[in-house]
């Protein structure tokens, strides 16, 4: 599916040129404003990027989605949903200070991290990710860090400590399984990137295990183990 403003009666021209860099791709496009429907809620005057070019075209050709919906505080579509009185309270949630693995500590001086719904992997500083992949004994195959699938049950638990609370990921959580030509490939769900404004992005592996709630009214987040 694709969006075409020529077929929309509620489209508002903006046309501001946009370039964005993300950890796994960069995009070119322009801003558009229109009515957006989410779970039956009509959000008016929502501005978004119409992407015309990207560095990683394979991402959207193979993925089972057509776009990315950001949920950043005060600038996201949810902010408009709240301002337009479409929900009863400014709280949304979804499923999906230190990191420990085999008594090895990373981020010992604390790190800045966000929970990223748009990231299929957990992203961290290159030096830390190299250490994690070394400890789970990966093999680099064409730029991808892989493990033998039969080893998943012997791989260590990785513990994220947020606000003094421990959140554990087992190999079943952080190893990514991909079916390729009737074979299953098991790859590390950790990607090394030296980001400019923060240290870590906790992606799908974390969100999949821990129910995450964003409370915009009180400017806080909460986590709980999914059932």
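Derivation of every value follows stated rules applied to the coordinates shown; laboratory data play no part. These numbers come from a predicted model, not from an experiment. Cβ coordinates were reconstructed from backbone atoms using ideal geometry, including for glycine residues, and neighbour counts include every protein chain displayed.
Estimate the FRET efficiency between residue 44 and residue 197 by the formula 1/(1 + (r/R0)^6), using the beta-carbon distance for r and 22 Å for R0, to the nearest 0.05. Write down the numbers at each step before the final one.
Details: r = 31 Å, r/R0 = 1.40.
The calculated FRET efficiency here is 0.10.
Does anything in region 169-206 have its amide N under 15 Å from the 7 Å Cα→Cβ label point of residue 144, and if so which residues?
175-191
To the nearest 0.05, what FRET efficiency results for residue 184 and residue 213 with a Förster distance of 35 Å applied to their C-beta separation? Mind dumping the intermediate values first?
Values: r = 33 Å, r/R0 = 0.95.
Efficiency at R0 = 35 Å is approximately 0.55.
Take residue 9 and residue 53, extend 7 Å from each Cα along the Cα→Cβ direction, and tell me the distance between the two endpoints in nm.
For residue 9 paired with residue 53, the spin-label model returns 3.6 nm.
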